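The values are calculated or read from the model by the stated rules, or taken from the named source; none is laboratory data. These figures come from a predicted structure and were not determined experimentally. Every residue, glycine as well, gets a Cβ built from its backbone with ideal geometry; the counts of neighbours run over all protein chains shown.
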Amino acid sequence: MRWKEQLLTLTPYQPGKSIESVKRQYNLEQIIKLASNENPFGCSQAALSALKENSTSLAIYPDGYATILREKLASFLQVGEDEIILGNGSDNLIQMISRALLHPGASTIMSTHTFSQYKHNAVIEGAVIKEVPDIDGEHDLEGFLTAIDDQTNVIWVCSPNNPTGTYIPESKLIPFLDQVPEHILVVLDEAYYEYVVAEDYYDSISLARKYPNLIVLRTFSKVYGLAAVRVGYGIANSSIIKALEPAREPFNLNSLGQLAAAEALSDQEFVEQCKQKNRQGLAQYYEFCENNSLKFYPSQTNFVLIDFQVEANEVFQYLLERGYIVRSGKALGFPTAVRITVGSPEQNEGLIKVLEQFL
Ligand code: PMP
């Protein structure tokens with residue numbers, strides 16, 4: 001398909017139904033949204049207070065260099081300030097990487113079941129997309145290597161992966177990175193990094209410093225609970241950062257986001273508490289699945305993909321009518337599964353009760 005024809009096949013990203021629209025449509029008082037992997041416990045009080053007390057003038061452009069946040073991140077991660085790029089969410093970083101590196105004639109590699117924005121942006125840039133079938137929800141990194149051709153310049157690795165929640169163990173990632181030619185950029189999207197408990201996970205920041213062609217993407221939208229103010233960051237060798245900077249809009253990070261993220265970073269106790277509560281929430285869903293012999297993908301994230309063995313939209317609709325918004329697996333490549341964000345213990349319990357009535 002020609003580039004522009006391909007572009008016309010794109011549909012805008014559908015973030016799912018909003019709380020307000022479901023309330024009105026089904027005449028419900030209370031809606032619980034467990035669809036977009038947000039933090040059910042909100043964000044750090046320190047970040048909230050900083051926003052409330054903030055004296056930032058809205059008439060003034062944000063700091064284009066995000067000086068304070070950059071300094072804090074550099075010190076927290078033990079990297080140089082020139083090894084950091086900031087984005088209006090990691091969505092914006094995915095967009096910047098695509099804008100800087102992809103073009104008609106280039107090819108890019110990703111898994112068939114992964115975060116939609118890699119493909120979306122590659123289509124916009126007119127690149128050839130090579131999707132490698134996953135192996136039971138996990139990236140086939142051997143397949144990624146085989147898919148490399150002379151035109152390949154970006155490979156997308158999502159670990160832990162959305163929508164499966166699975167991760168790549170260190171023993172598989174390192175040999176893969178060793179084999180990717182240096183002129184190809186490997187993007188390691190770690191939006192859910194802070195939720196990981198697997199012992200054979202890798203030290204991604206050290207990897208980003210070791211491999212000159214690796215960029216690690218993280219976000220304040222998930223465990224930090226700051227999705228609304230849009231802050232993501234990338235860590236890579238300073239020459240990669242330099243190459244990406246021209247693709248960044250000058251004021252891509254708003255002032256409130258910079259302020260909130262810098263404060264949130266200092267409150268690691270909040271992060272740790274959310275991580276613990278998330279594991280307990282996941283355990284509630286695992287128990288439900290085991291009791292009902294449902295297949296699920298063991299998750300290192302704040303969501304779980306459950307296979308109900310029936311048309312995904314049927315489960316989705318059933319829950320919607322009862323006030324729960326989840327994500328149907330249909331658009332995610334899992335036609336009989338549903339992706340559920342782990343909520344508070346009460347939200348999980350409520351949803352599980354409704355699901356038990358469905359079965
Ligand atoms: N990467 C992955 C894997 C995600 O799941 C998401 C959010 N759904 C993002 C990136 C984008 O996150 P944000 O733009 O809010 O940082």
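Tabulated values for the structure
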item: Long-range neighbours under 7 Å by Cβ, at least six apart or interchain, first residue farther than 19 Å from Ile124 by Cα and in contact (Cβ under 8 Å) with a residue 60 or more places away in the chain within the stretch 80-98, second in a helix (DSSP H, G or I) and among the basic types (Lys, Arg); result: Ile84/Arg70; Leu86/Arg70
item: Top-ranked residue in the stretch 199-223 [being within 13 Å of the chain's Cα centre (by Cα) and more than 17 Å from Ile155 (Cβ to Cβ); ranked as surrounded by the fewest Cβ atoms within 10 Å (Cβ to Cβ)]; result: Ser221
item: Residue check for Arg230: within 12 Å of the ligand (Cβ to nearest atom), among the charged types (D, E, K, R) and on the phi > 0 side of the Ramachandran plot; result: yes
item: The stretch 83-95, residues that are within 12 Å of the ligand (Cβ to nearest atom) and either out of contact with any strand residue (DSSP E or B) (no Cβ under 6 Å at 6 or more places or on another chain) or of a type in the set (Val, Ile, Thr) (or both); result: Asn88, Asp91, Asn92, Ile94, Gln95
item: For Asn278: the one exception among (1) under 19 Å from Val197 (Cα atoms); (2) outside any helix (DSSP H, G or I); result: (2)
item: Any chance Ile60 is within 16 Å of the ligand (Cβ to nearest atom) and of a type in the set (A, V, I, L, M, F, W, C); result: no
item: Residue check, His139 over 28 Å from Leu265 (Cα atoms), out of contact with any helix residue (DSSP H, G or I) (no Cβ under 8 Å at 6 or more places or on another chain) and within 12 Å of the ligand (Cβ to nearest atom); result: no
item: Among (1) surrounded by fewer than 20 Cβ atoms within 10 Å (Cβ to Cβ); (2) under 26 Å from Thr301 (Cα atoms); (3) touching a residue at least 24 places away in the same chain (Cβ under 8 Å); (4) among the aliphatic types (A, V, I, L, M), the one test that Leu51 misses; result: (2)
item: Residue match in the stretch 66-79 (condition: in contact (Cβ under 8 Å) with a residue 60 or more places away in the chain and within 11 Å of the ligand (Cβ to nearest atom)); result: no
item: Some residue of the stretch 163-175 being in a strand (DSSP E or B), within 16 Å of the ligand (Cβ to nearest atom) and either at pLDDT below 95 or within 23 Å of Leu305 (Cβ to Cβ) (or both); result: no
item: Residue count for the stretch 66-112, restricted to those that are touching an Asp or Glu at 6+ places or on another chain (Cβ under 9 Å) and not in a helix (DSSP H, G or I); result: 12
item: Count - residues of the stretch 286-329 that are touching a strand residue (DSSP E or B) at 6+ places or on another chain (Cβ under 8 Å), under 30 Å from Glu272 (Cβ atoms) and assigned to a helix (DSSP H, G or I); result: 2
item: Long-range neighbours under 7 Å by Cβ, at least six apart or interchain, first residue assigned to a loop (DSSP other than H, G, I, E, B) within the stretch 192-209, second acidic (Asp, Glu) and surrounded by fewer than 20 Cβ atoms within 10 Å (Cβ to Cβ); result: Asp200/Glu170; Tyr201/Glu170; Tyr202/Glu170
item: Among the candidates Val187, Val196, Val123, Val157, residue that is within 15 Å of the ligand (Cβ to nearest atom) and surrounded by fewer than 21 Cβ atoms within 10 Å (Cβ to Cβ); result: Val196
